[in-house]
Structure formats: structure tokens, C-alpha cells
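Okay, structure first, notes after.
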Amino acid sequence: MPTTLLERYFPVVLQAILAFAIGTLLIGASAILGKRVRNAVKNTAYECGMTPYGTAKERFSVKFYLVAMLFILFDIEAIFLYPWAVVFRDLKMFAFFEMLVFVILILAGFFYIYKKGALDWTAEELKPVQHKIHVDLMPADPVPSEKVTHAA
Amino acid sequence: MHSLWLIPIFPLVGFLINGMLGRRFSKTVINTVAVGSVVLSFLWVLKALSALAPLNETYVEHYFTWISSGTLDIGFDFAIDRLTMVMLLVVTGIGSLIHVYATGYMAHEGGYYRFFAYLNLFMFFMLTLVLAANYVLLFVGWEGVGLCSYLLIGFYFLKKSASDAGKKAFIVNRIGDFGFSLAMFLIVISFGTLDFQKVFAKASTISPEVQYGSITTICLLLLVGAIGKSAQIPLYVWLPDAMEGPTPVSALIHAATMVTAGVYMIARSATLFERAPIAMDVVAYIGLATAVMAATIGLVQNDIKKVYAYSTVSQLGYMFLGCGVGAFSAGIWHVVTHAFFKALLFLGAGSVIHACAGEQDMQKMGGLMKKIPITFAVLFIAAMAIAGVPPLSGHYSKDAILMAAHARAPWMYWVGVVTAGMTAFYVFRSIFLTFFGEYRGKAHPHESPAVMWVPLAVLAVLSLIGGYAFNIPEFLSPVLPMHGGVHDESLATIATAAGLAGILLAAICYLFVPSIPGALASAFAPIYQTLYDKYYVDELYNVSIVKPIANGSREILWKGADVGVFDALVNGAGTTSMALGGLLRKMQSGNLRTYASWVLIGILLVMGGFAVYGGAK
Amino acid sequence: MPANFMPSAAEYFRFAPEIILTIVGTLVMILEAMTGDRDKSSLGYVSLLGLAAAMAAAVAANNDPGLAFQSMIIVDGFATFFRVLVLGVGMLTILVSTNYLSEAKANSGDFYALILFSVVGQSLMACANELIMIFIGIEISSIASYILAGYLRDDRRNNESALKYFLMGSFATAFLLYGVAWIYGLTGSTNLGEIRTVLSHGTAPTAMVGISAALMLVGLAFKVSAAPFQVWAPDVYQGSSAPISAFMSAGPKAAAFAVMVRVFYTSFDSISNQWEPVFWIMSLATMVIGNFAALQQRNIKRMLAYSSIAHAGYVMVAVTSHSAVGTAAVMFYLASYCLMNIGAFAVVTWMARDGEKFVEVDDFSGLAQKQPFVTAILTVLILSLVGVPLTGGFFGKFLVFKAAIDSHLMWLAILGLLNSAVAAYYYLRVLVVMYFREPGASTVNLPPVAGTLRVAMLVTTLGTIALGIFPGLILGFATQSSTLGK
């Protein structure tokens, strides 16, 4: 058994050093060995593809973000099943019911987003309801005016 | 049980009825409800007192336990002893008279129902204050009367000066309340209870503190509260401004009842004060200084209500002096007689103002004696009473205070005598300016209706015989033992003579040789101006306290802290990272970054705090 | 590892309020998805019933106090008090909101579900006996409130408010989590009682314990908007819809105070010499910043935001006193604060109307002449906020400062009292405007007070008065359940 602090964390230190070394090596090697060519063609974004047009800061439909977020949510929830599977035998029925509750809750959420049309790529309902829009942004603390005068 | 709770409940019901439904009522109904409720509570006071006579012991009614926290129990209790009885009679009796008067005085004013609703609410809180059997309940009444006073001073809220005066009264009073609440906490700590009887029972076993101690601290803090409510130096500034309210309000709240609450509270806590000689001295000094200062200001004012306002401040100073020299019952006696004649002075002044179509400047009056003879007669009686002419009411109570002061220290007596002379002078100056000579105004003066002068007549009778008929100190002797102050004929004569001399001087200056005042004013212009401008105290407060606070909150906290520190900090740090932050700035609100850096600073501060206090160990 | 994790029925019973709320919340969410475009106010009533059932369960659970789920949950008087409080706040919020949402054409089940979920989190915070549970509770409560803050998606003020709240909130919660990690590293446990035991041995390095306590304090202070972490509150309260501001200024704050008291009184009891001075300074700074900044405000929501900061300062005074009396004061103060603050925001909700056009103090001009009912309500609530006797606010302050003086925090009590004197000024300005001004454009065409809103106003006002006249109603219970970890 390793006893001192350094011994216990030696593998970690070793891995850190390795990672650092490999990173430095690869970047350094390409910097040293690579041949630098600077011209207009080389500086384009996709040297070997089609010519880019427009700006990269395009506005995407909010649906992309929505799907991305839903993916992350369900992805992480699915990951929760792995540790559960490991201890399933030890925990017996308790684990079963716990996971049942968990899955039911996820399904409820899934049902909700499905009904709300979040997964329907062509749905029109996601367009925002037109409320009255107030464009005035919140003012910071107002400039104190002169003393409050009472209506005469 | 004698159902003491009914006494304050009557006006409360009146308030609720008039306040909620009053707008739809005719004036007759409003009058009946408002006046009737106060008269009912006056009658109930009489009934309770006759049933409880001779009231040698305190009678307590416990309704329910209001709050119980740890060892501290505060009951919703009313108590009645002889001191309470005197105050109850004054509050309900004079209150009834002033309510009647107000029905005439306010007849042509807007917001009629509102006025009477507030007035009834005031009565409710004042009676709660007087009946309270512990400090917390007293504090409830104390705050309540302050609120009503604020509402009633600002009654003519369209006038900016009136609403400003209301605010001033409220804010100044909060300073006093602050002292009072601290005093309550200290009482809890020292005695473990806030019940009057228990506190005083425990206090009476303690020997007087020669040195500065906890009881002295309690008394001084109570005094801070009393100073605010009873308009003593240095917190008296609100009372003269409070005259912006309708005249019946000035008479009821700012002369007869509420402002004497401070005196009542000190007398109620007499057992504590007697054990704190240092605090007693402070009470006496403050009272004396206020009496002198306010009297000198009163000498030169031209607004009739201002004169009486400063006179009230000055007379309250007398009451404090009485309490401070140990003659609590003499102080209360003066509360009673002062309630008679000062209410009369104010109501009479109201009648004069009413007659002159709202004019308050005495220089635009004069010669009213023939036009409003009844008002003149009652005001003259009131003036005699306050000047201390025997055998009118003011003579007795003032003498009792001055005797006690002489027993404590002769110089106090002499200062008091001089003040008495000044009092006589300014009151008679107002009488002479108003009623004698030629009329200098433009209105057509007319006598007030009977509903206004009948209460005046009743008060006039009380002012005449009130001192002789009611020997308050003797009556109060079971509650408030009288100390020192043996009656000395020669001292009494000197005090009376001072009053008469003041009257004479006023007569010379304003009746026989009218050129004297002008000549004196120009000869001593600086002094005159200083007095006329009330020693510039308002200006001093404005410059030294009001402005710095207003500016402080604006300049330091808003501009300084928010704009100055945080923005500058972020901007300062930002210049280095400007190249990088320039891009982000466009996408992000600058505010949020300010906030984030604030949070970061906060974290460092909190961790620093833990480190400092943890490392110290 | 114990073979049987199966919790007993008693344990489920102790956790019943949260279970009920979660079920009802999920149900409301599903119903919302199923009902399409129909009127959703019935979902509001379903949520109200759910909250009422949860409250009944919380009260019932107190008959059988104890631990649950491997000591992760504790049911005692303290937890029950705060559970009932946050559930009540949830109910009042729904009462205040329904009409507002209908007017904004945004009445949907999502809103009610979010309120329920947020209340679940707060309820969990109230009964958590373990740092991870506390963290989960805070997160459940916060994430729901972030969404609620930006609930009206097309209102730019809502958007700004939600974004600020979210960014600042996550920022601060991260510190809390960091503190939890430190504590676990130092003591090897996340259970409050075990941490207390380990720390009382004095073997853990003091400086490190101090740092972890400081980090946790940062997260909690942010939630209660105590200085110097109060900066977000004015912007967020002003930008959110008025009913949501009411909710955010009451429920999460009360729950966070519950956690603060429980953690610092239980776990960090042995290092009180370190945190008490810091609390002292923080409470003073909070009171001063809240009150003095409020003096300058013209917008009533912003003014109430600063005032709620100031009130957090008063509660911090009671926390600083570190005694059973102080705990009871915290509980009483928060109860009366929640009532009066939600009541005040209810009036603002009604006054602001669709699109929140009328949120300046001056918009209340002459209200007394037009709407005596609402004026009377607001008058009582404001007097209570000032701390005038016969209202709950007075006894709250009384108990707080009494607790401070009992613990010999004389200066803090004095400065706090001075602060409450300053506060009177900005509150009374509202009264002045209501009573002493002529009605303006904002006070004509006032809508009638809708049924649910009226109920909310009456409940909060009568509650405030009841606490002022009969403080024993809850003070007795608070005093009994104020001995934590002793």
C-alpha cells in the first residue's frame, strides 16, 4: 500500500505529466516541422471545400437549441441507468421501484414535450404568442429629482 | 369587571363608522357619531370611576396574554389608578368639548368625515396610552397618537407647508420613539418584565443610583422618548410647525393631550426616576431650558397660533421642571390646568381666526373686543390663568412647581419666575394686539356660533376655578408622593408679582406707548432678529442633520457606492482587459458584470472575515 | 452495505408533502399538455388543492417527528414550520397570479407546475438534514424560479430579469457546492449532525473549516439577498411579473433562512466565534443598503425589492444572536414578512394591470378616494412593514431586537432600530401619495379586484393583524421548536 501523499497520487501526477507532454509534443512538432504558407487561399476557412459566404454568426432556429437541450437531458438521465444496473442485485426490489418512479417521471416529461410539440420540426405552435411588448428596458436607479412636490 | 375596554372602544367604533361610511353620511350623522362616541366614553369613565372610588389601589383588568416569549409575558391589560383617572378625565372631558367645538369650526371644510374619523382614532389611541398597564401597550398608544397627529397636521394636505409639517413631526417623533423602544428593551433586561406594577415593585427595592447606572440609562432613554413627544429641547422643532393643522387639532393634540403624554410617561415611571438622580437633574435642566428658550421666542412672534405654540413648548418645559425636581404631582397638576387654559387659548385663537376669515397675523387684527366680545372674554380669562394671576387655575399649579424648584435649587426658582414674567408678557401682548386699538385687517369680523363658544365658556369656567377646585397633588398623594416644596408666601408673592409685571409691561408697550416695541426692536436688532427667527434652530438642523442625510444617501450610497465604486472598479479593471472585454461588452449587459464582480468582492470579504476571526483564535 | 434499503411507511409519511407536491405538479404539467388551448384556471385550483393536501400532510407529519431515508430528511417543529410557511406562500402566489395571468393571456398549467416544483424544492430545504439534500432542494427551487422570472417570454423586462437571476444564481450556488465539497473533504460526512460531531472535536483545521463555512454562507446569503450579495434582487424583482416577485421575495428566502439557521446552528455551532462577527457585519450592511437605497426609489417594485433586502437584514440580526430566542424570532419574523410582502405585491399586481404600466409610487395618487378597500389593505400592510404596533411587523421587529439584546448584541440592536426609523420614511411616502394627492391618470378606470386576488389580499392583511394582536398564535409553536441541534 502506498503510504505517503505523493505515493498515493503518483498515478495521477504521472497521467497529468503524460497528457501535458503529449499535447506539447504534438503542437510543438507541427509548429517546428510544418511548412508555413501564407496566401489568400490558405487563409480561407475551408481550403479544400466550397467558398464560404455570409457570416458565421447566423441566427439558427430555436428548434436546434431545443433539441440539443432535450438530448442532453435524456442522455444524462440514461446514464443514470448504468450505476443502477451495477447495484441492482444488491438493492433488490427497492432499486426496482426507485427506477420505476424515475422512469415514470422521465416519461411524463417526455409526454409533455411531445404534446407541446417540441419534437415536431414543422410545428407552428412554437411561435411565440404575441403579447404586448414593452420595449423600454429596465432603468437603473432613477436619478433623484428635486424634492417631491405635492400636487397643489 | 368594570369593562374599562369600553372607554377606548367607543371612539374606535366612531372612527370605523365615520371612516368607512362617513362619505355617504350627512354632517348631522357624522357629528352625532363623532361627538357621541367621545361623550359616551367620558360617561363611561365617570361610571367606572364612581364604581371604583376611592381608588386607593391600582385596579387592573387583564384581557388576554398578548405575547409570551421565554420568561417574558406581556398582557393586554388596562389599569386604572388615581394618576390614570386624572388623565382619563382630562382626555375625555376636554376631548368632548373640542369635538363639539370642531363641529362648528370645520363646518365649511372639505373632508369633514375624514377629519372626525382621525380625531376619533386619536382619542382611541390616547385612551389606550393612558389606560395601558405595561410599557408595550403604552407604546402602542404612543405610536398611534403620533400617527394620528401626522395625519391631522397634514390634514390640509394640498398645502405643501402642511404636509411638510406633518412629515417633520413624524420624523422628529421617530427619534424619540427610538429612545423609548431602547428603554423598553433595557427594562426587560433589568427587570424581566414590562408590567408597570411589577417593574416598579422591583425598582422600589433598589436604592437610588448615585453614580451612572442601568436605571439612569433607562430613565434617560425614556426621557428621549418624552422629549420627542412633549416637544422639549432639542426635539421641540416640530410643534410650532404642527400649527399648520386645523385649530381644534392644535388645541386637542398639540396643547391639551398628546404633547403631555411625555409628562405622563415620566410621572408614571416616577419610581424609576426617583432612583436615578442624574436623570432627574437632566429632566429638570431640559425643562427649564426649554421653558426659557420657548418663552423668549414667543415674545416676538406675530402669528397668533405660533405665539401659543411656543407658549405650549414653554409650559411643557415647566411640567418637565416639576417632574425633574421631584414634584411629579405638581407637573401633572400643571398638565391639567394647562389643558384647560391652553385649549381655551387655542380654541379662542381659532375663534378669532374664524372671525377674521382665516387671518393669523396679529398685526392685521386689533380692536376685536367689541366685535367678538365672548371670544374676548374667554381669551382674557385664559390669559390671566396662564399669567398666574390668583386665584385662576394656572397660579396654583405654577406655584407648586416653582416651590418645588426652589426646594431643589433656588436659582431654578428665579429662572422660572423670570420666565413666568415673560409668559405673562407675550400672552397679554397677543391679547392687546388682537382685541385693543383699531382694527387693521380687511375682513368683517363676526362672532362664532354658539356651538363654538359654549365649549369655550365651559373651558373658561374650568380655567377660572380649576386650580382652586382640584387639588391634584393632594389627590395624587397615594400614587405620587410630593417631595419638598413647602408653601412659602413670600416666594409665591414674588412669582405672582412677576406675572403682574409682565402684564403691566405688555400694557405699557402695546396700549399706552406703542412706539416702545419698534424702538426696542431696532435698538436690539440682532437679538430681535435672532428671537424672531427662533434662534435659527431649524436652519441649524437643516444644515447639520437633514442635508447630510439626504445627500449622504444620494451621494454616497447611490452615486458613491453604485456608480463610484462598482462602476469605477469594473471600468478601472476593464481598461486593462478592454481589448478582450470590448467584444464581450457588446453582447453582454454591463450591469451583470458589475454584479458579478461585486459578488466576487463579497466572497473575498466573507472569507476574509472568517479568516480574521478564525485566525485570531 | 445494509441489505435492505426499503424505507418504512413512517419514513414515507414524513416525506409525504414533497411526494404529494411532485405528483400533483407532474399531473398539472401533463394536464396542461393534454388540454390544448382551453382555459387553464382550473389547473390553478388543482394546484391549490395539491398545496392544501401537502400542507395537511406536513402538519400530520409533525405528529410523528423524526428522521427519514438514512437521516437525509428530518421532520421536527422547525421543519414543519417552514414547510407550512412555504406551502402557504405557494397558495397565496397562485391566488395572486390567476387573474394576472388571464389578463396577460398567459394562463397556463406550466406556471402552476413551476410554482409547485419550486415549492417542492423549498419544502425539501426546510426538512433537509444533509448537505446534498440541501443543495438539491436549493436547485429545484431555484431553477423553477429562474424560469418563472422570465415567464412572460415576450416581455423584455422579464427576459432581462430571468437572465440576470439565472447567471447570478448559478454563480452563487456554485460556491455553495464548493463549500459542501470542502466540508465533505474535511469531515468525511455530509450529514449535519455528524459534521457537528466531527467539528466539535476540534481536530479539523480551523482555517479550512472557516473557508468552507464562508463558501456555504455565500450561496445562502445570495438566496436571502443579504449584503454584499443583494445586487441581483432589485433588478430581478423589478423585471419579473409582480406575482412572481411576490413569490421570489417570500418563499425561497424563507427556505434559505431555514437552511442557514439549521446549518450554522447545528453543524457550525463549534466555530460560532468565526461566523458570528461576519453575520454581524452582514446583517448591518444588509439593513443599511436596503433601507437607504429604498429612500431614492420611485418604482414601487424596486422599492419593495430594497425593502425586502432590508427585512432580510433584520432576520440576519436574529440569526446573529445565535440562540433559541433568535431562532423563534427568525421564524416569527419570516412568517409575518411573507404575509405582508405578498400582500403588498398583491396590491401592486392589481395596480400594475396588463403589461405593468402603473408601477411608480406616484401611480397610487389619490387611491384613497377611489378604492377605499384596497387602500385600507395597503395601509395595514405598509404599517406592518414599518413595524407599527398591533401588526405582525411590530412583533417581528420586537422579537428580533429582543433576541439581539439577549445575546448582548447591543450595538446591532441600536443600529437596527435606527434603520427601522429610516425605513418609515419611504414606506410612509406611499401612504402620503395615496391619501394626500388628487387621483391621477393611473387611478381612473381601475379594474375591480378579482375574486382570488381579493382573497389573497384579505388573507394577508387579516393574517398580519392577527399576528399583531395574537402573536401567541405561532410564537408558541416557534418557541417550542426553536432548540436546534441541542
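The values are calculated or read from the model by the stated rules, or taken from the named source; none is laboratory data. Keep in mind the model is a prediction, meaning the values are calculated, not measured. FYI the Cβ positions are ideal-geometry reconstructions off the backbone, even for glycines, and counts take in every protein chain you see.
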query = Just for region C:398-421: of the residues that are touching a residue at least 40 places away in the same chain (Cβ under 8 Å) and surrounded by fewer than 20 Cβ atoms within 10 Å (Cβ to Cβ), which one is farthest from C:G313 (Cα to Cα)?
reply = C:S407
Flag if C:D76 is surrounded by fewer than 23 Cβ atoms within 10 Å (Cβ to Cβ), touching a helix residue (DSSP H, G or I) at 6+ places or on another chain (Cβ under 9 Å) and modelled with pLDDT under 90 = no
message = Quick check on region C:1-40: of everything there that is crowded, with 18+ Cβ neighbours inside 10 Å and among the hydroxyl-bearing types (S, T, Y), which residue is farthest from the other protein chains (Cβ to nearest Cβ)?
response = C:T22
key: Qualifying residues in region A:68-86 (those that are among the aliphatic types (A, V, I, L, M) and exposed (fewer than 12 other Cβ atoms within 10 Å of the Cβ)) - the one farthest from C:I30 (Cα to Cα)   = A:V86
query = Across region B:129-188, what is the total count of residues that are touching a helix residue (DSSP H, G or I) at 6+ places or on another chain (Cβ under 7 Å) and acidic (D, E)?
reply = 2
inquiry  = Quick test for you: out of B:L557, B:L600, B:L500, pick the one residue that is within 36 Å of the chain's Cα centre (by Cα) and modelled with pLDDT of 75 or more.
reply    = B:L500
Leading residue by the ranking (modelled with the lowest pLDDT) among those in region B:38-79 that are surrounded by fewer than 18 Cβ atoms within 10 Å (Cβ to Cβ) and within 14 Å of chain C (Cβ to nearest Cβ) = B:G70
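So is B:S149 surrounded by 23 or more Cβ atoms within 10 Å (Cβ to Cβ), closer than 23 Å to B:P8 by Cβ and of a type in the set (S, T, Y) or not?
Yes.
Results for (1) buried (at least 22 other Cβ atoms within 10 Å of the Cβ); (2) over 18 Å from the mean Cα position of the chain (by Cα), shown as yes or no for each residue.
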| position | (1), (2) |
| --- | --- |
| C:D110 | no, yes |
| C:M125 | yes, no |
| C:G169 | yes, no |
| C:T173 | no, no |
| C:W182 | no, yes |
task = Might you check whether a residue that is within 14 Å of another protein chain (Cβ to nearest Cβ), over 21 Å from C:P7 (Cα atoms), loosely packed, with under 14 Cβ neighbours inside 10 Å and at pLDDT 85 or above occurs anywhere in region A:92-110?
result = yes
query = Can you name every residue in region C:427-486 that is of a type in the set (D, E, K, R) and under 20 Å from the mean Cα position of the chain (by Cα)?
reply = none
request  = Inspect all residues belonging to region C:329-351 and state whether any of them is more than 22 Å from the chain's Cα centre (by Cα) and either over 30 Å from C:N158 (Cβ atoms) or aromatic (F, W, Y) (or both).
outcome  = no
ask   = Just one of the numbered conditions (1) under 26 Å from C:V231 (Cα atoms); (2) touching a Pro at 6+ places or on another chain (Cβ under 8 Å); (3) within 14 Å of another protein chain (Cβ to nearest Cβ) is not true of C:L186; which one?
value = (1)
ask   = Among the listed residues C:L21, C:L31, which satisfies the condition of being touching a residue at least 60 places away in the same chain (Cβ under 8 Å), in a helix (DSSP H, G or I) and within 14 Å of C:S123 (Cα to Cα)?
value = C:L21
ask   = B:I508 is checked against (1) away from chain C (no Cβ under 14 Å); (2) surrounded by fewer than 16 Cβ atoms within 10 Å (Cβ to Cβ); (3) at pLDDT below 75 and fails just one. What number does that condition carry?
value = (3)
ask   = What pairs can you find where one residue is in region C:204-223 and more than 8 Å from every other protein chain (Cβ to nearest Cβ) and without any contact (Cβ under 8 Å) to a residue 40 or more places away in the chain, the other is part of a helix (DSSP H, G or I) and surrounded by 24 or more Cβ atoms within 10 Å (Cβ to Cβ), and their Cβ atoms are less than 8 Å apart, with a gap of 6+ or different chains?
value = C:S212/C:I183
key: Yes/no for C:A466 being under 27 Å from C:Y45 (Cβ atoms), in a helix (DSSP H, G or I) and of a type outside the set (D, E)   = yes
query = Quick one: C:L428 ticks every box in (1) within 12 Å of chain B (Cβ to nearest Cβ); (2) closer than 16 Å to C:Y314 by Cα bar one, so which box is it?
reply = (2)
query = If the Cβ limit is 7 Å and pairs must be 6+ apart or interchain, which residue in region C:447-473 that is under 26 Å from B:I67 (Cβ atoms) and away from chain B (no Cβ under 14 Å) pairs with which residue that is among the polar types (S, T, N, Q) and part of a helix (DSSP H, G or I)?
reply = C:T464/C:S336; C:T464/C:S384
query = C:E438 fails exactly one of the following numbered conditions: (1) outside any helix (DSSP H, G or I); (2) crowded, with 23+ Cβ neighbours inside 10 Å. What is the number of that condition?
reply = (2)
key: Among (1) within 11 Å of another protein chain (Cβ to nearest Cβ); (2) of a type in the set (A, V, I, L, M); (3) more than 30 Å from C:A450 (Cα to Cα); (4) surrounded by 24 or more Cβ atoms within 10 Å (Cβ to Cβ), the one test that C:L383 misses   = (3)
task = Inspect all residues belonging to region C:136-156 and state whether any of them is in a helix (DSSP H, G or I) and modelled with pLDDT under 90.
result = yes
Any hit, region C:163-173, residues being closer than 18 Å to C:S108 by Cβ and within 14 Å of chain A (Cβ to nearest Cβ) = no
ask   = If you check every pair at least six apart or on different chains, which have Cβ atoms under 7 Å apart with a residue in region B:203-223 that is closer than 16 Å to B:G192 by Cα first and a residue that is assigned to a loop (DSSP other than H, G, I, E, B) and charged (D, E, K, R) second?
value = B:A203/B:R275; B:I206/B:R275; B:I215/B:E209; B:I215/B:R275
